[in-house]
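The values are calculated or read from the model by the stated rules, or taken from the named source; none is laboratory data. This structure is a prediction, so every number in the text was calculated from the model and none was measured. Positions of Cβ are generated from backbone atoms using ideal geometry, with glycine treated the same way; all protein chains shown enter the neighbour counts. Ligands, DNA and RNA are stripped out before the accessible areas are found, and what is left, the full protein with its side chains, is counted by its heavy atoms. Shrake-Rupley method; radii C 1.70, N 1.55, O 1.52, S 1.80 Å.
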Amino acid sequence: MYRFLIVSIIYSCLISYNCIAQNTALTHKVQVDTEFFIPIERTNLYTRVMGNPEKPIIITLHGGPGAFNVDHEFYRDVFENDYLMVYFDQRGCGKSDEFRDKTMLTTDQFVKDLDEVVNYIKAKYPNKKINLLGSSWGGMYGFLYLIKHQEKINSFICNSGSANIQHNTLALIKHEKQLANTLLKATDDPIKVERYVEILKKLDTIEKSGFDKTFFADMNTIRYEFPKDLGFDVYWAQPEKKARIEALLKDPDFYTRNKYTPELLEKVMERFEYVNEVFHGQRSYNNLNILNELSSIKTPTLVIQGEFDYAIGVESGKMIYKALENVAEQDKELVYIKNASHNLPSEEPEQLYASLKAFFKKNN
């Protein structure tokens, strides 16, 4: 199930690029395209820097935890003319060194890692503003970093991110209970009745579990199994747009642009599953709530999400925006994109990119 999720995220990028390319004059010429590894504690992080070396820096934070960075695929014609883009794979992820020590696959360690990345990039490309752009888990990751080191960051975009992982799960359970109860009242089919009752019992059990070491399996159940019976998709408001994914998997240009091979993609997807399961085996991660700590942040911030994003909860953006109480009103923005869920680049790319570009232009 997770394999399909990460593939869908990658190829939503491809879909969005195709949509944007139809409306963009392809006059873009990459001034910089360089790869290197950033040495951090006990490992090395793969990094690719692309774009305009004369412009401010944007460091992108990929999702997961455990996914990998192919953000060049959909930011190349959005940002690379006007910014120097830094795409890196987090600890144990993507093309970074394999890392399986569970004691260092934690949010605290990842914040330390990101600080090493920021310091390295600042030294390599001095006298430039550094901005962060985090998507999904990358949104939470960015906030965790700002709480510790906001003085190093010029502005931040949280795209489909969260600041309360416990809320994400409780909100999804609540939504599924509502759907199951509605469907239960509307049917006399004994098979369906039995299934809805079973779902409701399991949801109660998960809700009371404390989201401990068994939560990785429970998460798969509520995000992938139950939605099929309840008639919705956690990650997509427009599920018909998933149809092109399998075709795009066969696109050789994707591998060329992102310097991957099908074999390497399979390998990094296995790493994704490992790292993600490690994080979701930690009660502290599954219940992580940093909303109260966001009051320490003063960095200009854009919070953006789809109106039907059940992966983070439809109220997540509003909660974050309210919690950013010490960011000046003129420096914070909240955008909900209509008819979209967690895969904004593929569902509503034009709305997404317009908001991202306007925010970074305003703050750089």
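A count restricted to the range 323-349 and to residues that are open to solvent by 60 Å² or more (accessible area, probe 1.4 Å) and over 18 Å from the mean Cα position of the chain (by Cα) stands at 6. Please determine whether any residue of the range 175-184 is closer than 29 Å to Gln351 by Cα, acidic (Asp, Glu) and at pLDDT 95 or above. Yes: the range 175-184 contains one or more residues that are closer than 29 Å to Gln351 by Cα, acidic (Asp, Glu) and at pLDDT 95 or above.
Filtered by the rule that a residue be open to solvent by less than 80 Å² (accessible area, probe 1.4 Å), assigned to a helix (DSSP H, G or I) and not hydroxyl-bearing (Ser, Thr, Tyr), the range 188-200 gives Val193, Arg195, Val197, Ile199, Leu200. Filtering the range 62-74 to residues that are within 10 Å of Tyr87 (Cβ to Cβ) and not aromatic (Phe, Trp, Tyr) leaves His62, Asn69, Val70, Asp71, His72, Glu73. Taken together, the residues in the range 108-134 that are open to solvent by less than 10 Å² (accessible area, probe 1.4 Å) and part of a helix (DSSP H, G or I) amount to 6. Exactly one residue out of Gly64, Gly92 is open to solvent by 10 Å² or more (accessible area, probe 1.4 Å), assigned to a loop (DSSP other than H, G, I, E, B), in contact with a helix residue (DSSP H, G or I) (Cβ under 9 Å, 6 or more places away or on another chain) and touching a residue at least 60 places away in the same chain (Cβ under 8 Å): that is Gly64.
Candidates in the range 137-164 are the residues that are open to solvent by 20 Å² or more (accessible area, probe 1.4 Å) and touching a strand residue (DSSP E or B) at 6+ places or on another chain (Cβ under 8 Å); of these, the one that is nearest to Lys112 (Cα to Cα) is Lys152. Scanning the range 71-89 for residues that are open to solvent by less than 10 Å² (accessible area, probe 1.4 Å) and of a type in the set (D, E, K, R) gives Glu73, Glu80, Asp89. No other residue among Ile312, Ile320 is open to solvent by less than 50 Å² (accessible area, probe 1.4 Å), farther than 20 Å from Pro227 by Cα and of a type in the set (Val, Ile, Thr) apart from Ile320. Scanning the range 162-187 for residues that are closer than 10 Å to Ser316 by Cα and either part of a loop (DSSP other than H, G, I, E, B) or touching a Pro at 6+ places or on another chain (Cβ under 7 Å) (or both) gives Ser162, Ala163. Checking Glu73, Glu98 one by one, the residue that is in a helix (DSSP H, G or I) and of a type in the set (D, E, K, R) is Glu73 and no other. Determine, yes or no, whether Lys332 is touching a helix residue (DSSP H, G or I) at 6+ places or on another chain (Cβ under 7 Å) and basic (Lys, Arg). Here the answer is yes, as Lys332 does meet what is asked.
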